[in-house]
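Here's the structure, in structure tokens; my notes come after.
The values are calculated or read from the model by the stated rules, or taken from the named source; none is laboratory data. Quick caveat: nothing in here was measured; it's all calculated off a predicted structure. Here the Cβ positions follow ideal geometry from the backbone for every residue, glycine too, while neighbour counts run over all protein chains shown. Ligands, DNA and RNA are excluded from the accessible area calculation, which covers all protein heavy atoms including side chains. Shrake-Rupley method; radii C 1.70, N 1.55, O 1.52, S 1.80 Å.
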Amino acid sequence: MGLNSWESELQALRASGLGRKLVPMEGSAGVTITRNGKRLLNFSSNDYLGSANHPRLREAATVALKKYGTGSGAARLICGNLKVHEELESATARFKGTEAALSFSSGYATALGVIPAVVGKGDTVILDKLSHACLIDGARLSGATVRVFPHGDLNYLEKLLQKSEGKRLIVTESIFSMDGDAAPLKELVTLKERYGAWLMVDEAHATGIFGKRHAGCAEAAGLSNRIELQMGTYSKALGSAGGYVAGSRTLIDYLVHRARSFIYSTGPSPVVAAASLAAIQWLGTEEGRARVKKLWENVRSFEKLSGFRSASPIFPIPMGGEVRALEAAKELEESGILAVAIRYPTVPRGKARLRVTLTAAHEKAQIKLLSNALRRS
Ligand SMILES: *Cc1c(COP(=O)(O)O)cnc(C)c1O
């Protein structure tokens, strides 16, 4: 009976343009990738600096592999804390301009651990409507009352703050993953301070890209020491994997006692932690800085060629219907370009889009190809 209803639900999803499939990919996910045996120009990656294959990260991972082996053996409170975890966390704190940081096996696990640790029953979590699934899930899991404000609507947020009870935690992304726009961080900080609320900012798509040291939007706005919880991942511009939260020493000590996805989960692989650490160090080198500069040059040149605008390397190309978005993605694929269709439930129904991301690894000629192909589709 279960099988029948799963099967009929799957058929309904596929019929309405919401079917999903894992497509076999050969080799690694660089600027050109081979999917289903076909070579494509990749405009769907979050590897914004093209660092996932950088020799410096590979080397650090290899050294850690030889030194520690592949796994960290147990949760970090059980056997002990590897030096590479400690080094990664102090580097992350310095990078983010905070007293301390804690790393998790993924960004998703970070949100699921952190939000329920800091709020619970009787408290209120207030989320921007476009917040990532892990933030929504973390909020629900916390048992706190969950409230949502329309994307970027500070007046609505203020009304919620006036009406809400218990500890109040405002949650937002700094650069929104599917829309590419920026949250009004300054105004959010002013508001949360006025109402004595806490602010948690997910910098998944800003880390490595924004700010003088490329630490993210909080650094760029000079707000690092006024945001209680700065979270993010090592998996996007940093080309590695794992998540982190950065904040005060007290917060981090508290999370070590309370964040269940930290306490009851095996420590991140030392190989991966070493690559994340190398990525942060690499960002501070001349080459790292040049990569970020190249990324922004590519963003500007795509804007000029295509007429689209974005505050980030993420460009949502609106398509409306799910079926239309799939067709457009298929057309692009036929001309050798990968720009994946993003559909419900990742974005609201009827707001399907192609999500194009630029990286530092793209060449001008490739960006031209993309712009021309988009004009035709
Ligand atoms: C990707 C992403 C995450 C999850 O990070 P992972 O390390 O991939 O689990 C969290 N928040 C946002 C906004 C993201 O885009």
Where a residue in the range 105-122 is free of Cβ contacts under 8 Å to residues at least 60 places away in the same chain and its partner, wherever it lies, is assigned to a loop (DSSP other than H, G, I, E, B), with Cβ under 7 Å and at least six apart = 119/144; 119/167; 120/143; 120/144; 121/143; 121/144; 122/165; 122/166
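Condition check ((1) more than 24 Å from the chain's Cα centre (by Cα); (2) of a type in the set (Lys, Arg); (3) on the phi > 0 side of the Ramachandran plot) across all residues:
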{"residue": "3", "(1), (2), (3)": "yes, no, no"}
{"residue": "14", "(1), (2), (3)": "yes, yes, no"}
{"residue": "24", "(1), (2), (3)": "no, no, no"}
{"residue": "28", "(1), (2), (3)": "no, no, no"}
{"residue": "35", "(1), (2), (3)": "no, yes, no"}
{"residue": "47", "(1), (2), (3)": "no, no, no"}
{"residue": "51", "(1), (2), (3)": "no, no, no"}
{"residue": "60", "(1), (2), (3)": "no, no, no"}
{"residue": "65", "(1), (2), (3)": "yes, no, no"}
Somewhere in the range 288-304, is a residue modelled with pLDDT of 95 or more, surrounded by fewer than 21 Cβ atoms within 10 Å (Cβ to Cβ), in a loop (DSSP other than H, G, I, E, B) and of a type in the set (Phe, Trp, Tyr)?
-> no
Find the strands (runs of 3 or more DSSP E) located wholly in the range 24-139 whose residues include 1 or more that are in contact with a Ser or Thr (Cβ under 7 Å, 6 or more places away or on another chain) and surrounded by fewer than 19 Cβ atoms within 10 Å (Cβ to Cβ), and list them.
-> 38-42
Return a yes/no flag: does the range 211-229 have any residue that is open to solvent by 10 Å² or more (accessible area, probe 1.4 Å), under 29 Å from residue 319 (Cα atoms) and free of Cβ contacts under 8 Å to residues at least 40 places away in the same chain.
-> no
Of all residues in the range 239-259 being open to solvent by 30 Å² or more (accessible area, probe 1.4 Å) and within 13 Å of residue 103 (Cα to Cα), which is farthest from the ligand (Cβ to nearest atom)?
-> 253
Members of the range 189-210 that are surrounded by fewer than 23 Cβ atoms within 10 Å (Cβ to Cβ) and either among the β-branched types (Val, Ile, Thr) or assigned to a helix (DSSP H, G or I) (or both) = 189, 190, 191, 192, 193, 194
Within the range 152-196, residues in contact with a strand residue (DSSP E or B) (Cβ under 6 Å, 6 or more places away or on another chain), under 24 Å from residue 46 (Cβ atoms) and not aliphatic (A, V, I, L, M) come out as 172, 173, 174, 179, 180
Could you identify the single residue in 71, 97 that is over 18 Å from the mean Cα position of the chain (by Cα) and either farther than 29 Å from residue 201 by Cβ or at pLDDT below 95 (or both)?
-> 71
